[in-house]
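Below is one structure, written out as structure tokens; comments come after it.
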Amino acid sequence: MKHHAAFGLAMEDIDAVVVEDSKPMQTIIRSILLSFKVARVRVFDSVEEALEASLAEPPNVILTDWRMEPTSGYQFLRLVRHRHMEPLCYVPILFITAHGTRPLVDKALRAGAHHVLVKPLSPSTLYKRLRWLLTDDRPMILEHSGFYNINGIQQSMDEQAEKMQTLAGARIQHKKAIQKRAEVEEVVEEEFDRQEKKEPVFAGVKKGGVKKQQSAAAKHIRNAEYVKSKDLKLH
């Protein structure tokens, strides 16, 4: 097991590679990184260019977009993490994307990304993530698939997915309970209205013909109100 290539470095020692097919975004990321006083920033338009340069001179960190053509950011991540790419396989990768959905984040982290940042990117957010990265001591391990990954990431993601599933189930049950309560309250309200209007309970029975019968719900509510009034008097 080995730590990633940026672990223990100072911000001023970082050699960063940026892979972004948008020129305006390239300028923004470069400017932000240089404002942190990093040692070096190399910017590339495509994965192919970045991979060639990174193999020749491995950086300490790679910041890349997710959606790029012809090679995507995810494909770039898998290429870098292969055991035959050593020492490049130890370089931490941070994704910067405008499509930070939960499935995307899950896929990226399970494949070996260290973090996913969502556009628009703020300097403070990137700075905090880089500071965190420099102290992230999770080792890199070689999986049976032949790719390097962050130690314990699969278990961590599984636990998080289980929590989300449990939370989603609880929300569904809560929604059902609220709906059931609303239905009961509607029935009770209708019964109250019928009692107030002195309407007959059974169809075809005229007022005054037969003593009106109360439903079980109405009796329960009347009894509860009676008990409540007695309690108030006692206090």
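Taking the inverse of the average 1/r across all pairs of different Cα atoms in segment 1-129, what Kirkwood radius in Å do you get?
Numbers: mean 1/r = 0.0687 Å⁻¹.
Averaging 1/r across every pair of different Cα atoms and inverting gives 14.6 Å.
Summing +1 for each Lys or Arg and -1 for each Asp or Glu, what net charge is found among the other residues whose Cβ lies under 12 Å from the Cβ of residue 91? It would help to have the intermediate numbers written out before the result.
Numbers: positive: 2, 81; negative: 15, 57, 86.
Within the 12 Å Cβ shell, the charges total -1.
If the reach is capped at under 20 angstrom between alpha carbons, list the aspartates and glutamates near residue 128, excluding any in the same chain fewer than eight residues apart.
12, 13, 15, 65, 136, 137
Round to a whole angstrom and tell me the spacing of the C-alpha centers of segment 1-76 and segment 77-92.
When both Cα centres are located, 14 Å separates them.
Out of residues 5 or more away from residue 39 or on other chains, whose amide H comes under 5 Å of its own, with H placed 1.01 Å from N in the peptide plane?
When sequence neighbours closer than 5 places are left aside, the close amide H contacts are 13, 14.
Can you figure out the FRET efficiency of residue 69 with residue 1, using R₀ = 30 Å and their beta-carbon distance, to the nearest 0.05?
Values: r = 35 Å, r/R0 = 1.17.
The calculated FRET efficiency here is 0.30.
Can you tell me, using C-alpha contacts under 8 Å and at least 6 residues apart, the relative contact order of segment 1-139 as a whole percent?
On the way: 228 pairs, mean separation 39.5, N = 139.
Once normalised by length, the contact order is 28 percent.
Excluding residue 45 itself, calculate the net charge of residues whose Cβ lies under 10 Å from the Cβ of residue 45, where each Lys or Arg counts +1 and each Asp or Glu counts -1. Intermediate results must be reported in sequence, preceding the final value.
On the way: positive: 23; negative: 20, 21, 48, 49.
Summing Lys and Arg as +1 and Asp and Glu as -1 gives -3.
None of the figures in this text is laboratory data; all of them are computed from the coordinates on show. Since this is a predicted model, take the numbers as computed values, not measurements. So basically every Cβ, Gly included, is an ideal-geometry build from the backbone, and we count neighbours across all protein chains shown.
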